[in-house]
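Report on the structure given below.
The values are calculated or read from the model by the stated rules, or taken from the named source; none is laboratory data. Everything numeric in this text was worked out from a predicted model, so none of it was measured. Cβ: placed from backbone, ideal geometry, glycine included. Neighbour counts: every protein chain shown.
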């Protein structure tokens, strides 16, 4: 989906760079190779991109101008409506999968609004009303209190331990990262998926994707776009 947008707008000066936040580099690489995009596609095993830019859920988009200045901080970025919304739910599926699809259909995305703003920025550059000033970027950026910095340290240490063949020790640090920054879905989804590819309940964590989404309400999974 990003490839189509890149094909449309690259001639007008837009380049798209996708970054997969995934400790399992092999899994991420297999998806990239299957899609074979022509735009740069990176893998961030350590989630440093999320830490540096304040990303707590995916997909998130950041706009950076020709001077290397951020003109929009991370926000939900969908170039097209989710196919899940119109996908029928089969009774043949396990009940938990059906329940996950029910919640996923409730998740609010705004691809039309996002694409309209992006195209306007590509056409008008700094004159676009969607290009924010440095002060506005700072105002909209997520704060980073001490507990979030500590959560990042625990997550990074967990990633190191996991890659070093110490999954039990990694789990302890990932649990702590979840406790310190409970709204960081990238931390939680990474740990859940390594424990269970379906991100279901396990003995390793008190939470799982379905339970947490039901707790907050699927309509709050992504914040509304501020345009």
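Considering each residue of the stretch 62-77, count those that are buried (at least 16 other Cβ atoms within 10 Å of the Cβ) and either out of contact with any strand residue (DSSP E or B) (no Cβ under 9 Å at 6 or more places or on another chain) or not assigned by TED's automatic domain parsing to the domain that holds residue 9 (or both), and give that number.
Residues in the stretch 62-77 being buried (at least 16 other Cβ atoms within 10 Å of the Cβ) and either out of contact with any strand residue (DSSP E or B) (no Cβ under 9 Å at 6 or more places or on another chain) or not assigned by TED's automatic domain parsing to the domain that holds residue 9 (or both): 0 in total.
I'd like the full set of residues that are assigned to a helix (DSSP H, G or I) and either under 20 Å from residue 114 (Cα atoms) or outside the structural domain of residue 76 (by TED's automatic domain parsing) (or both), limited to the stretch 18-61.
Scanning the stretch 18-61 gives a single hit, 53.
Does the stretch 160-172 hold any residues that are surrounded by fewer than 21 Cβ atoms within 10 Å (Cβ to Cβ) and part of a helix (DSSP H, G or I), and which are they?
160, 161, 163, 167, 168, 169, 171, 172
Suppose we filter 176, 206 for residues that are over 18 Å from the mean Cα position of the chain (by Cα), without any contact (Cβ under 8 Å) to a residue 60 or more places away in the chain and within 21 Å of residue 49 (Cα to Cα); which single one remains?
176
Going through the stretch 124-146 one residue at a time, which ones are assigned to a helix (DSSP H, G or I) and exposed (fewer than 13 other Cβ atoms within 10 Å of the Cβ)?
Answer for the stretch 124-146, where residues must be assigned to a helix (DSSP H, G or I) and exposed (fewer than 13 other Cβ atoms within 10 Å of the Cβ): 124, 126, 127, 134, 135, 138, 139, 146.
Looking at (1) at pLDDT 95 or above; (2) in a loop (DSSP other than H, G, I, E, B); (3) in contact with a helix residue (DSSP H, G or I) (Cβ under 8 Å, 6 or more places away or on another chain), which is the only condition residue 119 fails?
(2)
I'd like the full set of residues that are buried (at least 24 other Cβ atoms within 10 Å of the Cβ) and closer than 12 Å to residue 22 by Cα, limited to the stretch 177-187.
Once the filter is applied, which keeps residues that are buried (at least 24 other Cβ atoms within 10 Å of the Cβ) and closer than 12 Å to residue 22 by Cα, the stretch 177-187 yields only 187.
Can you name the number of the only condition in (1) surrounded by fewer than 18 Cβ atoms within 10 Å (Cβ to Cβ); (2) part of a helix (DSSP H, G or I) that residue 190 fails?
Failing condition for residue 190: (1).
Just give me the residues in the stretch 1-43 being under 24 Å from residue 170 (Cβ atoms), crowded, with 18+ Cβ neighbours inside 10 Å and in contact with a helix residue (DSSP H, G or I) (Cβ under 9 Å, 6 or more places away or on another chain), in sequence order.
19, 20, 21, 22, 23, 43
Mind listing whichever residues of the stretch 78-106 are surrounded by fewer than 12 Cβ atoms within 10 Å (Cβ to Cβ) and assigned to a loop (DSSP other than H, G, I, E, B)?
87, 88, 90, 91, 92, 94
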